[in-house]
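To start, the structure under review is shown below, and the notes come after it.
The values are calculated or read from the model by the stated rules, or taken from the named source; none is laboratory data. Because the structure is predicted, anything quoted here is derived from the model rather than measured. Here Cβ is always computed from backbone atoms with ideal geometry, including for glycine, and neighbour counts include all displayed protein chains. Just so you know, the surface numbers come from the protein's heavy atoms only, side chains and all, with ligands and any DNA or RNA stripped out. Shrake-Rupley method; radii C 1.70, N 1.55, O 1.52, S 1.80 Å.
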Amino acid sequence: MMKEIVTINMDKSLEARATAMLVQVANRYDSNLFIEVAEKMVNLKSIMGVMSLVLDNGETVTLLADGSDEKAAVEGVCGFLTGMAS
């Protein structure tokens, strides 16, 4: 299991379109992916779960990944959240 703390650094907050894109990125990987904010943790592959977090630019989140491609999954999601990849 991998755990990574990341600060969201995107041009816009994670509104509907960006949230959908984040979930699409997460779904590229076989690993189980979760995102945690404060004390709430949701499945990163669930659009409704991610939308319920109401994430914003500058917010710090914790990513958790467990599976065969967890390292690549964390790198891909971190890249998206920091504006370094899509």
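Please go through region 9-35 and give me each residue that is closer than 13 Å to L81 by Cβ and in a strand (DSSP E or B), ordered by number.
L33, I35
Tell me which of these L53 doesn't satisfy, since it passes every other one: (1) over 16 Å from K3 (Cβ atoms); (2) open to solvent by 40 Å² or more (accessible area, probe 1.4 Å); (3) in contact with a strand residue (DSSP E or B) (Cβ under 6 Å, 6 or more places away or on another chain).
(2)
With the requirement that a residue be at pLDDT 95 or above, open to solvent by 70 Å² or more (accessible area, probe 1.4 Å) and closer than 17 Å to I5 by Cβ, what does region 22-39 give you?
Listed by number, the list holds a single entry, F34.
Restricting to region 1-50, count the residues that are touching a strand residue (DSSP E or B) at 6+ places or on another chain (Cβ under 6 Å) and among the acidic types (D, E).
Adding up the residues that qualify gives 2.
Only one residue in V6, V61, V42 is part of a strand (DSSP E or B), surrounded by 13 or more Cβ atoms within 10 Å (Cβ to Cβ) and without any contact (Cβ under 8 Å) to a residue 12 or more places away in the chain, so which one is that?
V42
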